[in-house]
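All remarks here apply to the structure that follows.
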Amino acid sequence: MPSGGLFAELRRRNVFKGSALYLVVSWVILQVAELLLDALALPEQWLRLILALLLLGFPLLLIFSWVYEITPEGVKRERDIAPGESTNVLTGMRINLMILVLMAIAVGLQVMDHLKTASPKPALAATADATVQPGHQSLSPNTPPVVTTTEPTIAVLPFANMSSDPEQEYFADGIAEEILNALSRISQLQVRGRTSSFYFKGRNEDLKSIAAQLNVDHILEGSVRKSGDRVRITVQLIHVPSDVHLWSKTYKEVLDDIFAIQDDIATSVASRLEVSLGVGELGSEPGMTRNVSAYDLFLEARNQVGYADRNHYLRGNELLEQAVDIDPQFALAWAFLANTYMATGRFFLPDQALLYQQRAQAAISRAEQLDPKLWNVQLFHALTLQTQYRWKQAEEIFQRLKTTKNSFQLALNAGFLEANLGYIRAALASFEKAASAEPLNQSPVVLAAGMYTMMGDYEKAKASYEKTEHLPVGNPSVLANSELLLAMVQHDSVAVKIALEEFLRQPANSRIGNLASDFSSAMVPLLDSPLPALDELRRLVFDPRYQNSFFGSPIAIWAAYFGDPELALDGLNRLYKGDEPSVLPPFHMWHPLFAETRRLPSFKQLVIDLGLVEYWRTTGRWGDFCKPVGEDDFECH
């Protein structure tokens with residue numbers, strides 16, 4: 001070996017410079033590959049494969065640099081070149097130049113990667129594994145009426161899943177929803193609800209169309225790539241009328257930093273919209289975990305219950321149980337688990353309603369111990385108080401919750417409370433407010449139609465149901481159930497038969513409503529035979545399979561339809577005063593179907609037992625269907 005040792009010989013043979021050149025070339029290749037993967041939505045394993053090949057090539061480059069030299073006559077072995085014929089010095093200068101050029105290219109690619117999100121593009125297109133929520137229909141060209149507002153309006157679209165694993169779809173959705181929730185806490189910002197915004201998941205619609213349908217000026221969209229413990233999130237905020245990209249950023253962090261990323265995105269959006277933040281409006285969501293594994297399970301559980309059927313709710317319960325097992329201090333998951341337990345028992349497993357209510361109470365007690373101020377905890381208590389007919393305490397909670405910026409949930413549940421108390425016109429206003437927060441969601445429109453029905457305005461009720469034909473998100477069984485009730489009160493036998501058949505066509509595990517399928521199926525051949533129908537109802541009343549309080553609802557409804565107000569009242573008593581928790585709130589007894597039932601003297605005792613008379617007398621505000629008679633009596637119509 002020439003004098004100077006191994007180090008000098010490595011320098012003379014350009015091994016160091018060749019290695020540096022190889023590393024810079026590899027860097028450029030990886031930058032180009034990452035850009036192409038994002039543009040073509042290719043799985044991330046391609047990037048890992050390219051990296052593996054580059055790593056394998058590095059030791060080969062070292063061997064080549066030591067053994068061979070590039071000369072004007074081509075590649076020759078080092079030992080075959082005379083000392084005076086070596087071109088290593090010239091080669092080294094060329095390598096230096098190539099390194100500088102490639103580094104400039106690499107820096108340029110980094111700038112492109114940072115700026116590419118600022119270029120205009122349509123809404124995120126569908127991926128091969130995009131999830132479509134049940135009940136979605138094709139969207140009509142008709143758009144909701146425009147509601148003018150002085151506050152900035154924004155919708156957060158579901159983020160595209162760029163991960164190699166399509167099962168990570170829930171994670172991308174969860175990140176977008178968490179950012180939506182953070183923005184919803186800003187008092188000066190109107191944020192469209194998740195149900196309406198996430199309707200556009202997997203739909204290649206342009207942003208102007210989406211903004212028109214959601215009645216917003218701003219849209220936040222993005223993508224998420226998760227790989228191991230790394231996450232890459234790209235977001236951009238667009239002012240749609242002017243097609244101006246107000247802000248964009250790409251985050252490349254470890255998963256442990258996911259919460260800081262969400263906070264930064266929400267803060268940046270508020271800043272670009274020139275919104276002044278109040279104390280406590282942003283930052284970490286109250287009750288949230290800092291454990292990434294528990295958080296991941298929470299996101300997946302929330303995705304599961306979004307499907308609104310029995311099997312997905314049961315899976316959501318399992319995932320939330322795992323989340324609180326990993327992080328017992330995860331108050332938000334405990335509160336969410338309480339609500340999913342309650343919904344499971346009420347809507348999907350009514351024969352186990354009492355068991356699930358007990359589980360729900362245990363979960364909410366744990367959440368309250370951890371963070372009693374959580375709005376989810378307060379809302380749960382308000383709903384529980386209503387099932388116990390403690391109306392004043394429930395109302396007080398809603399008064400406190402008015403400061404909470406969750407317009408859809410708050411307006412929807414306030415509407416339920418007002419309807420339960422017999423304030424049907426006030427409930428109608430709340431449901432219409434909820435509809436403005438979720439402009440593509442059928443649920444508040446269906447509820448508003450129900451209020452029109454109770455007010456006796458059947459034409460407006462029918463018009464509201466027709467409006468749902470242009471709303472793509474909802475549960476078909478709830479809509480069919482409500483339309484059936486309207487047909488029943490009008491005694492339109494043809495419409496009743498059509499609506500009943502539509503209700504029974506819905507999958508059993510997603511059927512939600514107050515008409516149990518077994519009862520309704522038994523009524524199909526008896527729709528034109530009231531007396532045999534009532535005989536069948538009386539037989540079903542004593543059937544051991546139907547002793548749960550839940551079945552008081554179909555008994556009451558069908559008995560009222562076929563003209564037996566006493567049997568209908570028995571059903572209502574069973575529903576609201578039975579041993580099991582009631583599935584439906586009391587406002588259903590104000591339905592016109594029960595007009596004759598409300599004339600029965602014994603109906604007044606039900607109203608007293610439900611605590612409504614005490615509440616009305618205490619507050620001095622009587623419901624729309626009852627009024628005081630003298631000091632100690634009242635009447636309902």
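How many residues does the range 337-347 contain that are open to solvent by less than 20 Å² (accessible area, probe 1.4 Å) and hydrophobic (A, V, I, L, M, F, W, C)?
Qualifying residue count for the region: 3.
Looking at E438, E466, E459, can you tell me which residue is under 30 Å from F200 (Cβ atoms) and open to solvent by 20 Å² or more (accessible area, probe 1.4 Å)? Working first, answer last.
Working: E438 fails: open to solvent by 20 Å² or more (accessible area, probe 1.4 Å); E459 fails: under 30 Å from F200 (Cβ atoms).
Of the residues listed, the single one that is under 30 Å from F200 (Cβ atoms) and open to solvent by 20 Å² or more (accessible area, probe 1.4 Å) is E466.
For the range 392-413: of the residues being in contact with a Leu (Cβ under 8 Å, 6 or more places away or on another chain), aliphatic (A, V, I, L, M) and more than 13 Å from W375 (Cβ to Cβ), which is modelled with the highest pLDDT?
The residue in question is A394.
Among the numbered conditions (1) buried (at least 24 other Cβ atoms within 10 Å of the Cβ); (2) touching a helix residue (DSSP H, G or I) at 6+ places or on another chain (Cβ under 9 Å), tell me where A172 comes up short.
It is condition (2) that A172 fails.
Would you tally the residues in the range 356-379 being out of contact with any helix residue (DSSP H, G or I) (no Cβ under 7 Å at 6 or more places or on another chain) and either in a helix (DSSP H, G or I) or among the hydrophobic types (A, V, I, L, M, F, W, C) (or both)? Write out each step before concluding.
Of the range 356-379, the ones out of contact with any helix residue (DSSP H, G or I) (no Cβ under 7 Å at 6 or more places or on another chain) are 358, 361-362, 365, 369, 372-373.
If we keep only those that are either in a helix (DSSP H, G or I) or among the hydrophobic types (A, V, I, L, M, F, W, C) (or both) as well, we get 358, 361-362, 365, 369.
Number satisfying all stated conditions: 5.
Select from the range 491-511 the residues that are surrounded by fewer than 19 Cβ atoms within 10 Å (Cβ to Cβ) and either in contact with a Lys or Arg (Cβ under 9 Å, 6 or more places away or on another chain) or at pLDDT 90 or above (or both) and list them in ascending order. Before the answer, list the steps.
Taking the range 491-511 first, the residues surrounded by fewer than 19 Cβ atoms within 10 Å (Cβ to Cβ) are 491-495, 497-498, 501-502, 504-505, 507-509.
Correct list: L504, A508, N509.
Filter the range 592-632 down to residues that are hydroxyl-bearing (S, T, Y) and surrounded by 13 or more Cβ atoms within 10 Å (Cβ to Cβ) and give me whichever is nearest to W391 (Cα to Cα). Before the answer, list the steps.
Here is the first cut: in the range 592-632, the residues hydroxyl-bearing (S, T, Y) are 597, 602, 615, 618-619.
Filter once more, so that each one left must be surrounded by 13 or more Cβ atoms within 10 Å (Cβ to Cβ): 597, 615.
Working: T597: 23, Y615: 7 Å.
That would be Y615.
Note down all Cβ pairs under 7 Å where the first residue falls in the range 171-195 and is at negative phi and aromatic (F, W, Y), the second is in a strand (DSSP E or B) and open to solvent by less than 10 Å² (accessible area, probe 1.4 Å), and they're at least six residues apart or on different chains.
Listed by first residue and then by second, the contacts come to F171/V224.
Run G193 past the list (1) of a type in the set (G, A, S); (2) more than 15 Å from G174 (Cα to Cα); (3) touching a helix residue (DSSP H, G or I) at 6+ places or on another chain (Cβ under 6 Å) and report the number of the one that doesn't hold.
(2)
Here are some residues: V156, V231. Which one is within 22 Å of D296 (Cβ to Cβ) and modelled with pLDDT of 90 or more? Talk me through it step by step, then tell me what you get.
Details: V231 fails: modelled with pLDDT of 90 or more.
None of the others qualify; the one that does is V156.
Looking only at residues in the range 283-312 that are assigned to a helix (DSSP H, G or I) and closer than 14 Å to F347 by Cβ, which one is most open to solvent (accessible area, probe 1.4 Å)? Write out each step before concluding.
If we filter the range 283-312 for residues that are assigned to a helix (DSSP H, G or I), which is where we start, we get 292-305, 310-312.
Next, only the ones that are closer than 14 Å to F347 by Cβ stay: 305, 310-312.
Details: V305: 19, R310: 74, N311: 90, H312: 54 Å².
It comes out as N311.
On the basis of being farther than 30 Å from E285 by Cβ, open to solvent by less than 50 Å² (accessible area, probe 1.4 Å) and either touching a residue at least 12 places away in the same chain (Cβ under 8 Å) or touching a Phe, Trp or Tyr at 6+ places or on another chain (Cβ under 9 Å) (or both), does L421 make the cut? It would help to see each step written out before you state the result.
On the way: farther than 30 Å from E285 by Cβ: yes; open to solvent by less than 50 Å² (accessible area, probe 1.4 Å): yes; either touching a residue at least 12 places away in the same chain (Cβ under 8 Å) or touching a Phe, Trp or Tyr at 6+ places or on another chain (Cβ under 9 Å) (or both): yes.
Considered against the rule, which asks whether it is farther than 30 Å from E285 by Cβ, open to solvent by less than 50 Å² (accessible area, probe 1.4 Å) and either touching a residue at least 12 places away in the same chain (Cβ under 8 Å) or touching a Phe, Trp or Tyr at 6+ places or on another chain (Cβ under 9 Å) (or both), L421 comes out as yes.
In contact (Cβ under 8 Å) with a residue 24 or more places away in the chain and either touching a Pro at 6+ places or on another chain (Cβ under 7 Å) or within 18 Å of A414 (Cα to Cα) (or both): which single residue out of L370, L332, L374 fits that description? Walk me through how you get there before you give the answer.
Numbers: L370 fails: either touching a Pro at 6+ places or on another chain (Cβ under 7 Å) or within 18 Å of A414 (Cα to Cα) (or both); L332 fails: either touching a Pro at 6+ places or on another chain (Cβ under 7 Å) or within 18 Å of A414 (Cα to Cα) (or both).
The conditions single out L374.
Just to verify a result, which residue in the range 234-257, among those that are modelled with pLDDT of 85 or more and outside any strand (DSSP E or B), is farthest from the chain's Cα centre (by Cα)?
Checking each candidate, the answer is S242.
Go through (1) closer than 26 Å to M288 by Cβ; (2) buried (at least 21 other Cβ atoms within 10 Å of the Cβ); (3) in contact with a strand residue (DSSP E or B) (Cβ under 9 Å, 6 or more places away or on another chain) and name the single condition A211 misses.
The one condition A211 does not meet is (1).
Spot the failing condition for T150; the list is (1) open to solvent by 50 Å² or more (accessible area, probe 1.4 Å); (2) over 22 Å from S443 (Cα atoms); (3) at pLDDT 60 or above; (4) in contact with a Leu (Cβ under 8 Å, 6 or more places away or on another chain), and only one is missed.
Just one mismatch for T150, condition (4).
The values are calculated or read from the model by the stated rules, or taken from the named source; none is laboratory data. Every value quoted in this text rests on a predicted model; they were computed, and no experiment measured them. Note that each Cβ is placed from the backbone with ideal geometry, even for glycine, and that neighbours are counted across all protein chains shown. Protein only, heavy atoms only, side chains kept; ligands, DNA and RNA dropped before computing areas. Shrake-Rupley method; radii C 1.70, N 1.55, O 1.52, S 1.80 Å.
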